[in-house]
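See below for the structure under consideration.
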There are 2 protein chains.
Amino acid sequence: MKHIAESTVRRLSRYLRFLEGEEELGAETISSDDLATLGGTTSAQVRKDLSFFGSFGTRGRGYSVPALARRIREILGLEREWRVVIVGAGRVGAALAQYRGFRERRFNVVAAYDADPARIGTSLNGIVVRDQRTLDADLQALNPGIVLIAVPPEAAQPIVDRVARAGVRGILNFAPTALRVPDGVVVRSVDMALELEILAYALTAAK
Amino acid sequence: MKHIAESTVRRLSRYLRFLEGEEELGAETISSDDLATLGGTTSAQVRKDLSFFGSFGTRGRGYSVPALARRIREILGLEREWRVVIVGAGRVGAALAQYRGFRERRFNVVAAYDADPARIGTSLNGIVVRDQRTLDADLQALNPGIVLIAVPPEAAQPIVDRVARAGVRGILNFAPTALRVPDGVVVRSVDMALELEILAYALTAAK
DNA sequence: CTAATCTTGTGAAATGATTCACAAGCCCCG
DNA sequence: CGGGGCTTGTGAATCATTTCACAAGATTAG
């Protein structure tokens, strides 16, 4: 398939949120214009985004809410459950381990790791923090689709190397550092300080 | 000034990280090519990014590390201190309140708020959680440049309305919901589940 | 001082993303 | 069953971003 822009995927994911909201309210159909209003974009953009994957609407009516929701879930790969392992059980790791938004989307945190003896053995919402030294061996059995990195920046790269070597292909990194990975492994980074800096720029420049 | 793309600002912020690293190592100059390698982009991109703001390099030599770092800090608005207020002292809010990366970049968390009586009065790393009902009055005195939203999604919009009414112009939202704000107020959202979904798509589509 | 070597800064070209605009299809009403 | 009113799907046009390519300035070696 043709390459799809990240901006498109990001919007699809947002459309899905709104569709699920509408679904609960019992809406049967929705127009590209309604979706656009909810998502802060334009109806042409909505239709273009969807058109990359086929045509699911009915002219004159709009889209079937449940059918479109199902189709977007399928496109995004959200019909399956995702097993997620968290490395780093500090405050950020702990918050992630217990984050409600993940469970709701069927991202299941199956284990958490830390290197600090004081944290090993403690429980995060039913998940017992394990010793990071057992990570490599455990990954075989746990077989997670995605690993979340929530360790200090200087510890991140070695963890990523180990995780990639164990065959994990998806990494979501919360450490504020650039990461190198082998081909075939996908990393995304969430850098909270960087987001604040972009905001600072917007506030500073808007004069 | 001409409008600058967000992608450019994001890269500037990353360049700054590398520059600070190089600065500590005692490097005096750096070429666009070195910066590109560190940041995973191209030298032409680096030079183009910088060129929007002036020309700081020396042909044949490269850029002075400390001078460029200073200039980027100035561009991004990081020379000043930013006062930050956090609303929502659950696990995410608590993690943010104590996040080391913010302090390092001179984003100072000056207060945290919550609506839950069980949390009010507890201390997060020296910051005592206050009652959300006093938020509006307190904002006058605190006068934060930025407010972080870390409340449940359904509570976010009312908080944003209150915060915007109090004159705050920058909001960083961690609640997984779209927010409306008046003109002149800048919102950015960090949606952790959405990042996981984009990752899920990348893993699903790459076949 | 000259020549060879670097590396910047920047128009121009190429590529990518969004918006426009409209034909085509579907629904509903009479 | 025909006409009016919606709304999709999609090429074409526009707008934005990245990459290319090279002249010009600076440094270094001889």
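Checking the a/c ratio against 1.5 first, then a/b against b/c, what shape does the Cα gyration tensor give for the range A:6-76? Each step should come with its number before you reach the end.
Values: a/c = 1.26, a/b = 1.18, b/c = 1.06.
In terms of gyration-tensor shape, rounded.
Report for the protein assembly as shown the percent antiparallel among DSSP-assigned beta bridges with both residues inside it, nearest 5. Don't skip to the answer; put the middle values down first.
On the way: 10 of 52 bridges.
Counting only bridges with both partners in the protein assembly as shown, antiparallel ones make up about 20 percent.
Return the loop-located trypsin sites (Lys or Arg not before Pro) in the range B:27-107 (DSSP other than H, G, I, E, B) with at most 10 other Cβ atoms within 10 Å of their own Cβ; answer none if there are none. Please list the in-between numbers first.
Numbers: sites: B:Arg47, B:Lys48, B:Arg59, B:Arg61, B:Arg70, B:Arg71, B:Arg73, B:Arg80, B:Arg83, B:Arg91, B:Arg100, B:Arg103, B:Arg105, B:Arg106; in loops: B:Arg59, B:Arg61, B:Arg80, B:Arg105, B:Arg106.
Hits after loop and neighbour filter: B:Arg59.
For the pair A and B, how large is the buried accessible area, both sides, in square angstrom to the nearest 100, if the probe is 1.4 Å?
Numbers: alone 12490 and 12440 Å², together 19730 Å².
Its buried surface, counting both partners, is about 5200 Å².
Just to confirm the numbers: A:Glu104, label point 7 angstrom along the Cα-Cβ line, distances to the other copies in nm, shortest first?
Between copies, matching label points for A:Glu104 lie 3.1 nm apart.
Ignoring ligands and nucleic acids, what accessible area does B:Thr42 show with a 1.4 Å probe (Å², nearest 10)?
Accessible surface of B:Thr42 is approximately 80 Å².
Could you estimate the translational diffusion coefficient of the protein assembly as shown from the Stokes-Einstein equation, with Rh from the Kirkwood formula over C-alpha pairs, at 20 °C and 1.002 mPa s, in whole µm²/s?
On the way: Rh = 23.0 Å.
Answer, rounded: 93 µm²/s.
Let's test the formula: R0 of 51 Å, r as the Cβ-Cβ distance of B:Asp136 and A:Glu23. What FRET efficiency results, to the nearest 0.05? Spell out each step's value before the answer.
Working: r = 35 Å, r/R0 = 0.70.
For R0 = 51 Å, the calculated efficiency reads 0.90.
Around B:Ile171, what is the net charge, scoring Lys/Arg as +1 and Asp/Glu as -1 over all other residues with Cβ under 13 Å from its Cβ?
After counting each charged neighbour, the total is +3.
Return the loop-located chymotrypsin sites (Phe, Trp or Tyr not before Pro) in the range A:35-95 (DSSP other than H, G, I, E, B) with at most 15 other Cβ atoms within 10 Å of their own Cβ; answer none if there are none. Show your work: numbers first, answer last.
Details: sites: A:Phe52, A:Phe53, A:Phe56, A:Tyr63, A:Trp82; in loops: A:Phe52, A:Phe53, A:Phe56.
Qualifying residues, ordered by number: A:Phe52, A:Phe53, A:Phe56.
Suppose all protein chains stay in the model; what accessible area per residue would a 1.4 Å probe give for the range A:129-207, in Å²? Please report the intermediate quantities before stating the final value.
On the way: 3250 Å² over 79 residues.
Roughly 41 Å² per residue, with all protein chains present.
Among rounded, prolate and oblate, which fits the range A:61-207 when a ≥ b ≥ c are the square roots of the eigenvalues of its C-alpha gyration tensor, a/c under 1.5 means rounded, and a/b larger than b/c means prolate?
Numbers: a/c = 1.68, a/b = 1.16, b/c = 1.44.
In terms of gyration-tensor shape, oblate.
When DSSP beta bridges are limited to those with both residues in chain B, what percentage is antiparallel, rounded to the nearest 5? Each step should come with its number before you reach the end.
Working: 5 of 26 bridges.
Looking only at bridges with both residues in chain B, the antiparallel portion is about 20 percent.
Where the label is 7 Å out from Cα toward Cβ, how close does B:Glu154 come to the same position in every other copy, in nm, shortest first?
Result for B:Glu154, in nm, nearest copy first: 4.6.
If R0 is 30 Å, what FRET efficiency do you get for A:Phe52 and B:Ser43 from their C-beta distance, rounded to 0.05? Working shown, then result.
Working: r = 32 Å, r/R0 = 1.08.
Efficiency computed from Cβ-Cβ geometry: 0.40.
Tell me which A residue has its C-beta closest to the axis rotating A onto B, and the distance in Å?
Closest Cβ to the A-to-B rotation axis, residue and whole-Å distance: A:Ala95, 2.
If R₀ is 51 angstrom, what is the calculated FRET efficiency for the pair B:Ser7 and B:Ala118, using the beta carbon separation as r and rounding to 0.05?
It comes to 0.75.
For the range A:49-136, run through the GluC sites (Glu not before Pro) and keep only the ones in DSSP coil with at most 16 other Cβ atoms within 10 Å of their Cβ.
Answer in residue order: A:Glu79, A:Glu81.
Mind listing the label-point distances from A:Ser55 to the same position on all other copies, shortest first, one decimal in nm, points 7 Å along Cα→Cβ?
5.2
Can you show me the helix-derived [θ] at 222 nm for chain A, built from DSSP H runs with n ≥ 4 at -39,500 (n - 2.57) apiece and divided by the number of residues, rounded to the nearest 500.
Counting only the DSSP helices, I get -13500 deg cm²/dmol.
The values are calculated or read from the model by the stated rules, or taken from the named source; none is laboratory data. Because the structure is predicted, anything quoted here is derived from the model rather than measured. Note that we place each Cβ from the backbone using ideal geometry, even for glycine, and neighbour counts take in every protein chain shown. With ligands, DNA and RNA removed, areas are computed over all heavy atoms of the protein, side chains included. Shrake-Rupley method; radii C 1.70, N 1.55, O 1.52, S 1.80 Å.
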